[in-house]
Amino acid sequence: MTIPLIYSPFYSYPFPANHRFPMDKFKALHQCLTESGILAGHNVFRPGRVKSEVLELAHAKDYIQRFSNNQLSTKELRKMGLPWSEALVKRSMISPNGTLLTGAIALNQGIACHMAGGTHHAYHDFGRGYCIFNDLAVAAKALIAQGKVRRILIFDCDVHQGDGTASILRNDDNIFTCSIHCAKNFPHHKEKSDLDIGVAKGMTDEAYLEVVYNTLLQAVDTSKPDLVFYDAGVDVYAGDGLGYLDISLAGIAEREYLVLKTLKQLNIPTATVIGGGYDKDQSALAKRHALVFQAAASLHK
């Protein structure tokens, strides 16, 4: 069985080459998955723009309008970390809908993988750390509002804490937030997720994988979810400039297989997003992001 993939050609667009954020990685991931045969054309779903009433489940209407109309202050733009453009608005309006579509398809097919998403630093009324809108919070709230699920687990393995996700969903009893992140890394001020595991700088594969496995079992046991959103950030990689952990490529591949295999054995539908990953070599970065798709494909043959 081919796994459902969710992608928009608007995820990558002409972007300053000297910027820290690797905007071409989405296009590079598309190419990587095409070359490997995981992306076959018939298994790709293309999301449209998110409806305003859906986006407003997690974000302030005033913030959405000011961002869309280029009315954010210099301070707000600095916090956001990305140069404003019409193309940025377009991709930011599509990506949350991509994660929502990924969740809906996962409920039907057991697994679905978004070739973007994981913008977990976006708060209710401001963007932060290269994140404009919080696709995880939007999608989770929408699926519950639509009556498609009762309980959702957001299992976030990006190297940075999902602070925006924790903040937006703080009082939502139907969505369980879990973040495994490097304790001494951005953001300096951590929010309170339902379950936070801060790991030490320099942690290596064996200890990290044990933490991931045990935390996943604890989060599932506590939340009893109907659906899991898995943020498979690859900025845990030893060579990632923003990561501070010492996880190998083989370690990331094992993490993806471990998480997806465990959730499949527990019969819990899973929607994956790619999360963070930073490298000037965007082709190499795309291969790291491809590991979660490879794990999904191998488990769902």
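The numbers here are math on the coordinates, done by the rules we state, and not lab data. Please read all numbers here as calculations on a predicted model, not as lab measurements. Cβ coordinates were reconstructed from backbone atoms using ideal geometry, including for glycine residues, and neighbour counts include every protein chain displayed.
Details
- Counted as qualifying within the stretch 135-250 are the strands (runs of 3 or more DSSP E) with 1 or more residues that are small (Gly, Ala, Ser) and surrounded by 18 or more Cβ atoms within 10 Å (Cβ to Cβ), namely 175-182.
- Residue in the stretch 152-162 that is over 15 Å from Tyr230 (Cα atoms) and of a type in the set (D, E, K, R) present: no
- Inter-residue pairs, beta-carbon under 9 Å, first polar (S, T, N, Q) and in the stretch 62-73, second assigned to a helix (DSSP H, G or I), 6+ apart: Ser68/Val89; Ser68/Ser92; Ser68/Met93; Asn69/Val89; Asn70/Glu86; Asn70/Val89; Gln71/Gln65; Ser73/Arg66
- Filter result for Ser73 (under 27 Å from His124 (Cβ atoms), of a type outside the set (A, V, I, L, M, F, W, C) and either surrounded by 20 or more Cβ atoms within 10 Å (Cβ to Cβ) or touching a strand residue (DSSP E or B) at 6+ places or on another chain (Cβ under 7 Å) (or both)): no
- Pairs, first farther than 20 Å from Ile111 by Cβ in the stretch 1-20, second surrounded by 12 or more Cβ atoms within 10 Å (Cβ to Cβ) and acidic (Asp, Glu), C-beta under 6 Å, six or more apart: Ser12/Asp24
- In the stretch 80-104, the residues that are without any contact (Cβ under 8 Å) to a residue 40 or more places away in the chain reach residues that are surrounded by fewer than 22 Cβ atoms within 10 Å (Cβ to Cβ) with C-beta atoms within less than 6 angstrom, at least six apart or across chains, in these pairs: Trp84/Asn70; Val89/Ser68.
- Picking from residues in the stretch 80-110 that are surrounded by 24 or more Cβ atoms within 10 Å (Cβ to Cβ) and hydrophobic (A, V, I, L, M, F, W, C), the one that is farthest from the chain's Cα centre (by Cα) is Ala106.
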